[in-house]
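*Asks:* Mind having a look at this structure? Questions to follow.
The values are calculated or read from the model by the stated rules, or taken from the named source; none is laboratory data. The shown structure was predicted, so the numbers you read here are calculated from the model rather than taken from an experiment. FYI the Cβ positions are ideal-geometry reconstructions off the backbone, even for glycines, and counts take in every protein chain you see.
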Amino acid sequence: MELLPDQHTLQHVLQTVSNNPFRLRLGDWLVVFVLASIGVFYAGDGKLWGKPDPNKYLWYQAPQKTGDLKARPKPTRDIGKRLAETGNDIAVFWGSQSGVSEAFAERLSREWQSRFALKTLVADLQDYDPEHLAMFPKDKLAVFLVSTYGEGDPPDNATQFCLGLEKMKKNETSLEDLRYLAIGMGNRNYQYYNRTITVIDDILSNLGAKRIGSLGRADESQGTTEEDFMDWKEQVLKPLGQTISLDERPIAYQPTIHVLDVCVDEPTIYMGEPSERALQQTTERVAYNDRNPFAAPIATSKILSSASNRICAHMEFDLSAAPSIRYQTGDHLAIWPLNPENEVARLCRALGLDEDVRKKPIMVESKQGKCDLPSPTTRETLLKYYLEIGALASRDLLILIAQFAPSEEASAALLGLGKNKHAFRNQVASQYLTVGKVLESINSSAGSWSKIPFSLLVESFSRIQPRYYSISSSPIASPRQPTITLAVNSKQLENLDGAKNEERFHGLATNFLLAHDREFRSTSENPISSHESEITDISSGPKYDLAGPRGKLLGGRVYMHIKRSTFKLPIRETVPIVMVAAGTGIAPFRGFVQERARLVELGKPVGKMVLFFGCRDDKTDFLYRDEWKAWKETLGDSFQLVTAFSRQKEQDKVYVQDMLAEDRWRFEVGTLVEDERAAFYICGAASMAREVRSRLVDILAEKRGVSREEADKTVGGKMKKESRYQEDVWG
């Protein structure tokens, strides 16, 4: 059966229409309708009934011509084969959300190469399939350095690997030939401290793999991640030496990358652009993500509260020029910061880099075939946009740099800090000294630290990672202007004698955004007050190059992308919810309440909402006070705000977990969660979340008449599985 008209039929229809359109038969009119619809579809690009396809340009993009070249083979996902291809003996796996475990993996690999001449391969867990561990060569070793993220979850790049291990556990796959070492990075304030590495270790050992040395667990809650890692890697040397031959030699720097001066055309040089598309400034409609962030203009910025050591701000970003970007209530907005000007200048001075050397084009090439830094670029650009030079200096790096010191005295000073953990803690960690500050503090009559290979710093510094903020708006109410709520970090440092230090520790991304706030409001109708200027001490804060690479961020723009989250409202709007937050943990719940208030305005029913909010007092940091009042008028009995003030004058300290213990709210929460199947959410500091969870367990144990152990299993098991218990916590 023919569904389309042939050429003769089309000619007949067109001739009839031109002569006398009223003589058309029903079938002829049908043909005309089809042809007209096709024309409208083609000309309108779909805009008449929906959003345009942001990837439509791909239909008209010519594929790259390859001539007679064969397609490159995909890299193997078998780690055993990869080790054989590269001639290495040890796979150093990493799983990381913020880059910490990745940096440790790189450091461990470099140290074992230079200290013991071991052949190591740093391996991203997402690049390999765990089932191949069953065929892991007997004469090889594996090392796992894996962080735990969120509610005991593996980091994004380790998720599929961990799921594969669970499948192997179910199938009872033998791993008797695998020998491994393992350490996890976590935070004891969280409910599931270092859960990911614990699960990995349990599965591997239960399947017959043999762990070498103890299972390491680094703890960020006490700021000892660096020390815990250093202690673990020294402790495993003895059992490692009983497994393989360790021929120790003096540590000498062996570069794994080349930094080469080149002559290239200026437009091809990366000057801070986060992606190739940003460098080329393509006008094609593209997808924006973590590999290609969008330069979003700041639409609104205002200070919500300010005190001597804490500022809370509200920012809105305009996505009008990026129709492909969509967000959902509860998602995260990722901000890509850059290093402050004073820190870049400090390190350049310490290294003896003059203006010409800083700005000279360079290529960064990896000896292992993979380099995650853009090239060509410049030394100054790397220090400003791509490398985390503002991080605390590590002991390993100080020891490594010592061999390039300008004098014996300077070398001895660095070794004293690097090898003595007490000296390091008292003189470096307590002052949060960066590499630039350490080098600057060691005075030497011999001159600058110009002997340090720039490649050493490129290898040693972590890459600047985006910082994630809970979106505090709903796309139903604000589809093209997502908002965030942030606390600006600035900490007064103390000397060893307890006296106040002139230096302050400034959080990188929050102070970057604060600088944008100052710039935005200096030209807006909401200027900075003299009182606010005095409190926030603007003159002593870090300064940033807000214009960005080649001025591409002029006009108050920042590079950003959206990160999906599982911290979501129930699918049905009528499901009750209980929300608990402290400080800027209120952010996602502002979006939750805003969304349901908008639904009520549209005539839709919504479920009961109870929000427990903790802050210092009702004068300085009661965030969004006026908005809660307005939404209460809209929502009526469907919304209840319960406040807890920990610094209210003439009142005892009260925290949000204390409010949950009061009779009225204990009964209310118990009824909502147990009888009405409400969803329970927590957002804020991990220590607060742990206390709130404990109160919820008490409430359910009392309501059900069961033990705390059984109630706790319900919260962490059934409720979590049903997405009725969710956390978004940090610190």
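*Asks:* With Ser301, Ser305 as the choices, which residue is within 26 Å of Glu727 (Cβ to Cβ), outside any loop (DSSP other than H, G, I, E, B) and small (Gly, Ala, Ser)? Break it down into steps so the answer makes sense when it comes.
*Replies:* On the way: Ser301 fails: within 26 Å of Glu727 (Cβ to Cβ).
The conditions single out Ser305.
*Asks:* May I pose another question? Would you check if there is a residue in the range 702-718 being surrounded by 17 or more Cβ atoms within 10 Å (Cβ to Cβ) and acidic (Asp, Glu)?
*Replies:* In the first step, residues of the range 702-718 are kept if they are surrounded by 17 or more Cβ atoms within 10 Å (Cβ to Cβ); the result is 703, 711-712, 714-716.
Among the residues that remain, those that are also acidic (Asp, Glu) are: 712.
Checked the range 702-718: at least one residue is surrounded by 17 or more Cβ atoms within 10 Å (Cβ to Cβ) and acidic (Asp, Glu).
*Asks:* Sticking with this one: Would you say Lys138 is part of a helix (DSSP H, G or I) and out of contact with any strand residue (DSSP E or B) (no Cβ under 7 Å at 6 or more places or on another chain)?
*Replies:* Details: part of a helix (DSSP H, G or I): no; out of contact with any strand residue (DSSP E or B) (no Cβ under 7 Å at 6 or more places or on another chain): yes.
For Lys138, the condition - part of a helix (DSSP H, G or I) and out of contact with any strand residue (DSSP E or B) (no Cβ under 7 Å at 6 or more places or on another chain) - is not met.
*Asks:* Suppose we filter Gln191, Gln160 for residues that are over 24 Å from Val236 (Cβ atoms), out of contact with any Phe, Trp or Tyr (no Cβ under 7 Å at 6 or more places or on another chain) and at pLDDT 95 or above; which single one remains?
*Replies:* Numbers: Gln191 fails: at pLDDT 95 or above.
Just a single option satisfies the conditions, and that option is Gln160.
*Asks:* I'd like the residue in the range 172-192 that is small (Gly, Ala, Ser) and surrounded by 22 or more Cβ atoms within 10 Å (Cβ to Cβ) and, out of all such residues, is farthest from Asp228 (Cα to Cα). Show your work before the answer.
*Replies:* Quick first cut of the range 172-192, residues small (Gly, Ala, Ser) only: 174, 182, 184, 186.
Then drop every residue that is not surrounded by 22 or more Cβ atoms within 10 Å (Cβ to Cβ), which leaves 182, 184, 186.
Numbers: Ala182: 13, Gly184: 10, Gly186: 11 Å.
Within the range 172-192, the match that is farthest from Asp228 (Cα to Cα) is Ala182.
*Asks:* May I ask you to verify whether Val143 is crowded, with 23+ Cβ neighbours inside 10 Å and in contact (Cβ under 8 Å) with a residue 24 or more places away in the chain?
*Replies:* Details: crowded, with 23+ Cβ neighbours inside 10 Å: yes; in contact (Cβ under 8 Å) with a residue 24 or more places away in the chain: yes.
For Val143, the condition - crowded, with 23+ Cβ neighbours inside 10 Å and in contact (Cβ under 8 Å) with a residue 24 or more places away in the chain - is met.
*Asks:* Pairs only if they're at least six apart or on different chains, beta carbon under 9 angstrom, first in the range 557-584 and under 30 Å from His516 (Cα atoms), second basic (Lys, Arg) and part of a strand (DSSP E or B); list them, first residue then second.
*Replies:* Gly583/Arg310
*Asks:* So which residues in the range 170-185 are closer than 12 Å to Ser205 by Cα and of a type in the set (A, V, I, L, M)? I'd like the intermediate steps shown before the answer.
*Replies:* Initially, the range 170-185 is screened for residues closer than 12 Å to Ser205 by Cα, giving 172-182.
Hits for the range 170-185 are Leu175, Leu178, Leu181, Ala182.
*Asks:* Within the range 187-203, is even one residue touching a residue at least 60 places away in the same chain (Cβ under 8 Å), outside any loop (DSSP other than H, G, I, E, B) and outside the structural domain of Arg693 (by TED's automatic domain parsing)?
*Replies:* Within the range 187-203, the subset touching a residue at least 60 places away in the same chain (Cβ under 8 Å) is 187, 189-191, 196.
Imposing the further condition that a residue be outside any loop (DSSP other than H, G, I, E, B) reduces the set to 196.
The next check asks that each one be outside the structural domain of Arg693 (by TED's automatic domain parsing); those that pass are 196.
Yes, the conditions are met somewhere in the range 187-203.
The rows are residues; the columns are (1) at pLDDT below 95; (2) of a type outside the set (Val, Ile, Thr); (3) crowded, with 21+ Cβ neighbours inside 10 Å; (4) touching a Cys at 6+ places or on another chain (Cβ under 9 Å).
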{"position": "Leu400", "(1), (2), (3), (4)": "yes, yes, yes, no"}
{"position": "Leu415", "(1), (2), (3), (4)": "no, yes, no, no"}
{"position": "Phe424", "(1), (2), (3), (4)": "yes, yes, yes, no"}
{"position": "Val428", "(1), (2), (3), (4)": "yes, no, yes, no"}
{"position": "Ser441", "(1), (2), (3), (4)": "yes, yes, no, no"}
{"position": "Pro453", "(1), (2), (3), (4)": "no, yes, no, no"}
{"position": "Arg463", "(1), (2), (3), (4)": "yes, yes, no, no"}
{"position": "Ile471", "(1), (2), (3), (4)": "no, no, yes, no"}
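*Asks:* Of Ala218, Ala278, which residue is at pLDDT 95 or above and either of a type outside the set (A, V, I, L, M) or surrounded by 14 or more Cβ atoms within 10 Å (Cβ to Cβ) (or both)?
*Replies:* One residue alone meets the criteria, Ala218.
*Asks:* Can you tell me which of (1) farther than 17 Å from Ser470 by Cβ; (2) at pLDDT below 95 is the one Gly583 doesn't meet?
*Replies:* Among (1) farther than 17 Å from Ser470 by Cβ; (2) at pLDDT below 95, Gly583 violates only (1).
*Asks:* Quick check on the range 212-231. Is at least one of its residues of a type in the set (A, V, I, L, M, F, W, C) and assigned to a helix (DSSP H, G or I)? Spell out the reasoning first.
*Replies:* Here is the first cut: in the range 212-231, the residues of a type in the set (A, V, I, L, M, F, W, C) are 212, 215, 218, 229-230.
Going one step further and asking which of them are assigned to a helix (DSSP H, G or I), we end up with 229-230.
Yes.
*Asks:* Every residue in the range 348-387 that is more than 18 Å from Ser275 (Cβ to Cβ) and in a helix (DSSP H, G or I), please.
*Replies:* Within the range 348-387, Cys348, Arg349, Ala350, Leu351, Glu355, Asp356, Val357, Arg358, Lys359, Arg379, Glu380, Leu383 qualify.
*Asks:* Of the residues Ile586, Ile562, which is among the hydrophobic types (A, V, I, L, M, F, W, C), over 21 Å from Tyr624 (Cα atoms) and either in contact with a Pro (Cβ under 8 Å, 6 or more places away or on another chain) or not in a loop (DSSP other than H, G, I, E, B) (or both)? I'd like the intermediate steps shown before the answer.
*Replies:* Details: Ile586 fails: over 21 Å from Tyr624 (Cα atoms).
One residue alone meets the criteria, Ile562.
*Asks:* Scan the range 217-245 residue by residue and report those that are within 19 Å of Lys138 (Cα to Cα) and of a type outside the set (Ser, Thr, Tyr). I'd like the intermediate steps shown before the answer.
*Replies:* The first filter runs over the range 217-245 and keeps only residues within 19 Å of Lys138 (Cα to Cα), leaving 239-245.
Listed by number, the residues that qualify are Pro239, Leu240, Gly241, Gln242, Ile244.
*Asks:* Kindly indicate whether any position in the range 324-332 is free of Cβ contacts under 8 Å to residues at least 24 places away in the same chain, in contact with a helix residue (DSSP H, G or I) (Cβ under 7 Å, 6 or more places away or on another chain) and among the hydroxyl-bearing types (Ser, Thr, Tyr). Write out each step before concluding.
*Replies:* Going through the range 324-332, the residues free of Cβ contacts under 8 Å to residues at least 24 places away in the same chain turn out to be none.
Within the range 324-332 (the criterion being free of Cβ contacts under 8 Å to residues at least 24 places away in the same chain, in contact with a helix residue (DSSP H, G or I) (Cβ under 7 Å, 6 or more places away or on another chain) and among the hydroxyl-bearing types (Ser, Thr, Tyr)), the answer is no, since none of the residues qualifies.
*Asks:* Any residue at all in the range 61-78 that's at pLDDT 50 or above, touching a strand residue (DSSP E or B) at 6+ places or on another chain (Cβ under 6 Å), of a type outside the set (Gly, Ala, Ser) and under 20 Å from Leu204 (Cα atoms)?
*Replies:* Step one: of the range 61-78, the residues at pLDDT 50 or above are 70-78.
If we keep only those that are touching a strand residue (DSSP E or B) at 6+ places or on another chain (Cβ under 6 Å) as well, we get none.
Among the residues of the range 61-78, not one is at pLDDT 50 or above, touching a strand residue (DSSP E or B) at 6+ places or on another chain (Cβ under 6 Å), of a type outside the set (Gly, Ala, Ser) and under 20 Å from Leu204 (Cα atoms), which makes the answer no.
*Asks:* If I ask for residues that are in a loop (DSSP other than H, G, I, E, B) and more than 13 Å from the chain's Cα centre (by Cα), which ones from the range 86-108 would you list?
*Replies:* First pass over the range 86-108, keeping only residues in a loop (DSSP other than H, G, I, E, B): 87-89, 96-99.
Within the range 86-108, Gly87, Asn88, Asp89 meet the criteria.
*Asks:* Within the range 396-414, is there a residue that is among the aliphatic types (A, V, I, L, M) and under 25 Å from the mean Cα position of the chain (by Cα)?
*Replies:* yes
*Asks:* Scan the range 94-109 residue by residue and report those that are touching a Ser or Thr at 6+ places or on another chain (Cβ under 7 Å) and closer than 16 Å to Val458 by Cα. Walk me through it before giving the result.
*Replies:* Taking the range 94-109 and keeping what is touching a Ser or Thr at 6+ places or on another chain (Cβ under 7 Å), we get 94-97, 99-103, 109.
Within the range 94-109, Gly99, Val100, Glu102, Ala103, Ser109 qualify.
*Asks:* Within the range 196-221, can you find the residues that are farther than 17 Å from Ala689 by Cα and charged (D, E, K, R)?
*Replies:* So the first thing to find is which residues in the range 196-221 are farther than 17 Å from Ala689 by Cα, and the list is 196-219.
If the condition is that a residue be farther than 17 Å from Ala689 by Cα and charged (D, E, K, R), then Asp201, Asp202, Lys210, Arg211, Arg217, Asp219 are the ones that fit.
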